[in-house]
Amino acid sequence: MPTLPASTATTDLSYTLADWRSGYRSQPKEFAYWIDAVEGVIPPELSGTLFRNGPGLLDIHEYPVRHPFDGDGMISSIAFSQGRAYYRNRFVQTAGYVAEQQAQKPLYRGVFGTQKPGGLWANAFDLRLKNIANTHVIYWGQKLLALWEAAEPHRLDPTTLETLGLDNLDGLLQPGDAFAAHPRIDPGDGGVPPRLVTFSLKAGMSSTITLLEFDAEGRLLHRDGQESASKGYRTTVPGFAFLHDFAITPNYAIFFQNPVSFNPLGFILGSKGAAECIHFNPKQPTKVLLIPRQGQGAVITVEAPPCFVFHHANAFEEDGQVVIDSIAYRKFPSLDEGMGYEMVDFSQLPEGQLCRFTVDVATRKLTAKTLVERCCEFPTLHRDRVGRPYRYLYIGAAHQPTGNAPLQALLKRDLLTGEEQMWSEAPRGFMGEPIFVPRPGATVEDDGWVLCLTYNAARQCSDVIIVNGQNISAGPIARLKLHHHVPYGLHGSFTETYFGP
Ligand code: CO
């Protein structure tokens, strides 16, 4: 690790940088055990498996990654049954991970700026990507898939987390094809079964989005439910598009084309990662693309104020309007050139805020308003409300009401009344992405639990917390103390199927 400056923590911060950094230590070990240190009570009706993905290694044999997003994917599973929980973690055995662990040094450049040892000459013109499988993990069509948006998914055994290999989705994907890391599950209704909706992106001077919908068995579908022989619906839009996530309604797939451009020169010449070649253009609008999911009708493009969006919370249609709730940043939250992530000054970064964008489909007019000003990320909601009007949103949030800061709190927002509830793990706890799990038999939208993998800097270990979805302010009803830490992760999902021993 490089020498770091002393923590800049002062009394007005809810955390110290040293504590925050300590959650980004590599975790090279793999574990499997019943969690025996539990404060509170795990609800006996909570049954199923929480899967989490994120970078497990922040260095490759002492060569630090430049950015955590370059870290090799490590999957955690927490399987719940009859009031007990079983923890397991394993690295995704990607070709790059296996080769680098054997070589004991980086063999690939990272998209977010990690370079191979040896300077410019060792890196220039090496444009190979290492599929690090570190962004999301989903269980769909009896397959557990670790996702990374620039290449194919890896398939894992859902019980042992053993890597089974790359999965081309029955020939749908060619080697190296992009497959988004943010699928949405349309819950279906009126007898229509749930389906997985996702996309594949080819970005360049123009960008092509291919919409893909799969049934519960993992077969590619048309909108009308017939099995498809095609390769999905394609839409090409002018300009470069950086599309990490999208939102769905019954009729539309919705993308925000952020006002960014891509100048790959630094990447080609070996001085920058590809993602470091993205430039935000503050004078250009963000384009909101409404793509008909049934593959018929024109794409509707509407301009929004300049902003940058990684994640959408939800979208729905109501009275001729399409409403999209998203986490918007004033600009692309990038680090200064040459700066390692561990040196980050959060106060210099724009905060993510929950914004509501409303598009009038007939007039093509868009209005935008901020719903949550507090810095927040990783929104989640009841799975049956995806793409539908909804009332409750759960989201990771900063402890402080203003400015960018690490996520330390869990926020619940009632979108009907504007009421908010919050639980904070500050000063020494840090929050990961929350996942809402409905209570079996529940009839009310917020009757369920919020599960979250948190990091406790005092113990230097991670906790799994279970919070009552109706009473966030009361804090966890159960805290499961892991024996070790899990580096801050990205995304995960819950399935009702129990994959414990
Ligand atoms: Co994401």
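Equivalent ellipsoid semi-axes for the range 133-182, as square roots of 5 times the alpha carbon gyration tensor eigenvalues: give them largest first, rounded to whole Å.
They are 16, 12, 9 Å, listed largest first.
Sorting check: for 176-183, 342-349, which peptide has the highest mean count of neighbouring beta carbons within 10 Å, and how do the rest follow?
176-183, 342-349
With only Lys, Arg, Asp and Glu charged, each at its Cβ (+1 for the first two, -1 for the last two), find how big the charge dipole of the chain is about the Cα centre; round to the nearest 20 debye.
Computed charge dipole of the chain: roughly 660 debye.
Considering only C-alpha atoms, what is the centroid distance from the range 288-326 to the range 50-96, in Å?
33 Å
Helix-only mean residue ellipticity at 222 nm, the chain, DSSP H runs n ≥ 4 weighted -39,500 (n - 2.57), per residue, nearest 500. What is it?
-1000 deg cm²/dmol
How would you order 19-27, 247-255, 117-125 from highest to lowest mean count of nearby Cβ atoms within 10 Å?
Most protected by this proxy first, the peptides run 247-255, 19-27, 117-125.
Can you tell me how the range 455-501 classifies by the Cα gyration tensor, rounded, prolate or oblate, using a/c under 1.5 as the rounded cut?
It is oblate, given that a/c is not under 1.5 and a/b is not larger than b/c.
Need one number: the % of Cα-Cα pairs in the chain sitting beyond the 44 Å mark.
In whole percent, the share of Cα-Cα pairs in the chain beyond 44 Å is 8.
Run the reach check for residue 29 against aspartates and glutamates, Cα to Cα strictly under 18 Å, same-chain hits fewer than 8 apart removed. What comes back?
59, 62, 72, 100, 162, 463
Would you list, by chain and number, the lysines whose Cα falls below 21 Å from the Cα of residue 143, excluding same-chain residues fewer than 8 positions away?
231
Roll a 1.4 Å probe over the protein chains and send me the accessible area per residue for the range 17-495 in Å².
So the range 17-495 comes to 39 Å² accessible per residue, rounded to a whole number.
Can you return the lysines within cross-link range of residue 331? Criterion is Cα-Cα under 29 Å, with same-chain partners fewer than 8 residues away left out.
130, 202, 272, 283, 287, 365, 369, 412
So, taking all protein chains as they sit and a 1.4 Å probe, how much accessible area belongs to residue 417, in Å² rounded to tens?
Taking all protein chains as shown, residue 417 has close to 90 Å².
Work through the residues other than residue 131 whose Cβ is under 14 Å from its Cβ and net out their charges, Lys, Arg +1 and Asp, Glu -1.
Result for the local shell: -3.
Could you calculate the contour length gain from residue 162 to residue 303, that is, 0.36 nm times the residue separation minus the distance between their Cα atoms, to one decimal place in nm?
Length gained between residue 162 and residue 303: 46.3 nm.
Determine the share of the chain's accessible area contributed by carbon and sulfur atoms, expressed in whole percent, with a 1.4 angstrom probe.
Whole-percent figure for carbon plus sulfur exposure: 52.
Ignoring ligands and nucleic acids, what accessible area does residue 422 show with a 1.4 Å probe (Å², nearest 10)?
Answer for residue 422: close to 60 Å² accessible.
Would you mind counting up the charge near residue 394? Only other residues with Cβ under 14 Å from its Cβ, with Lys and Arg at +1 and Asp and Glu at -1.
-3
Can you send over the solvent-accessible area of residue 245, 1.4 Å probe, protein chains only, in Å² to the nearest 10?
Probe radius 1.4 Å; accessible area of residue 245 about 10 Å².
The values are calculated or read from the model by the stated rules, or taken from the named source; none is laboratory data. Fair warning: this is a prediction, and the values are worked out from it, not measured in the lab. Every residue, glycine among them, receives a Cβ derived from its backbone with ideal geometry; neighbour counts consider all protein chains shown. All accessible areas refer to the heavy atoms of the entire protein, side chains included, with ligands and DNA or RNA removed. Shrake-Rupley method; radii C 1.70, N 1.55, O 1.52, S 1.80 Å.
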